[in-house]
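**Q** Below is a structure I'd like to ask you about.
The values are calculated or read from the model by the stated rules, or taken from the named source; none is laboratory data. Treat the numbers as computed from the prediction; the structure is a model and nothing was measured. Glycine gets a Cβ as well: all are built from the backbone with ideal geometry, and neighbour counts include every protein chain shown. With ligands, DNA and RNA removed, areas are computed over all heavy atoms of the protein, side chains included. Shrake-Rupley method; radii C 1.70, N 1.55, O 1.52, S 1.80 Å.
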Amino acid sequence: MFGAFAFGAIVPRARIDATAPQVPERLEQISLFLLPVFFIVTGLSVNLGGLGGPGLLLLLAVLLVACFGKFVGAASAARLTGATKREAATLGVLLNARGLTELVILNVGLALGVLDSRLFTAMVVMAVVTTIMTGPLLDRFHPTAGTLSVHSVEATRTCTAKTDRGLVPSQDDTN
């Protein structure tokens, strides 16, 4: 994992783009294939049947501690810096989401033997549940997050003009 990151960091992008512009596109196509494979491999490592009664208590404890710690920590820090309650709650919800990064770390922990299969399963379920609950909680705490107001649409129309290259600043306000 760290080797791939280091390789990506040291590759001279400008030179590759100049000599072989198709390389980044090909890498993106490969990643679109490999990402679902990673999730499948992670899912195959999860053993929900092996949780049992004590494992369900462990899962519940992991979920409660993870959600409470992330939400309260982020929301409290936001409030201390002057954010409104709504903004703080929104930040707490957004920082509660876990996903690909946590799954990578959990897979490394399982491979190294740091995590047993029960704890791995509980942590993967926690990562999936907290990611899934982000959307509905965000709608609850910040219902306008996914919508555009009439004012923002009008401002966009007056500030931009559509061209064959995408959106660019407009020269006049006649758009």
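**Q** Using Cα centres only, tell me the gap between the stretch 18-32 and the stretch 73-137 in whole Å.
**A** The two parts, judged by their Cα centres, are 31 Å apart.
**Q** Please report Rg (one decimal) and Dmax (integer) in Å for the Cα set of the stretch 44-154.
**A** 17.0, 56
**Q** Calculate, for the stretch 1-131, the solvent-accessible area per residue in square angstrom, rolling a 1.4 angstrom probe over the heavy atoms of the protein chains.
**A** Details: 8580 Å² over 131 residues.
That works out to 66 Å² per residue.
**Q** At a Förster distance of 30 Å, what's the computed FRET efficiency of Ser117 paired with Ala6, Cβ-Cβ distance as r, to 0.05?
**A** Details: r = 30 Å, r/R0 = 1.01.
Plugging the Cβ-Cβ distance into 1/(1 + (r/R0)^6) gives 0.50.
**Q** Let me check I have the definition right: for the stretch 71-110, take the eigenvalues of the Cα gyration tensor, multiply each by 5, take square roots. What are those semi-axes in whole Å, largest first? Display every interim value, and only then the final one.
**A** Working: eigenvalues 155, 15, 6 Å².
Those come to 28, 9, 6 Å.
**Q** Could you work out what % of the accessible surface of the stretch 28-130 is carbon and sulfur, using a 1.4 angstrom probe and leaving DNA, RNA and ligands out of the count? Working shown, then result.
**A** Numbers: 4570 of 6080 Å².
The nonpolar share, carbon plus sulfur, comes to 75 percent.
**Q** Oh, and also: For the stretch 1-67, count the residues as N, evaluate 2.2 N^0.38 Å, and divide the Cα radius of gyration by that value, please.
**A** With N residues counted in the stretch 1-67, Rg over 2.2 N^0.38 Å equals 1.82.
**Q** Additional query: Tell me, what is the 1.4 Å probe accessible area of Ile10, in Å² to the nearest 10?
**A** 130
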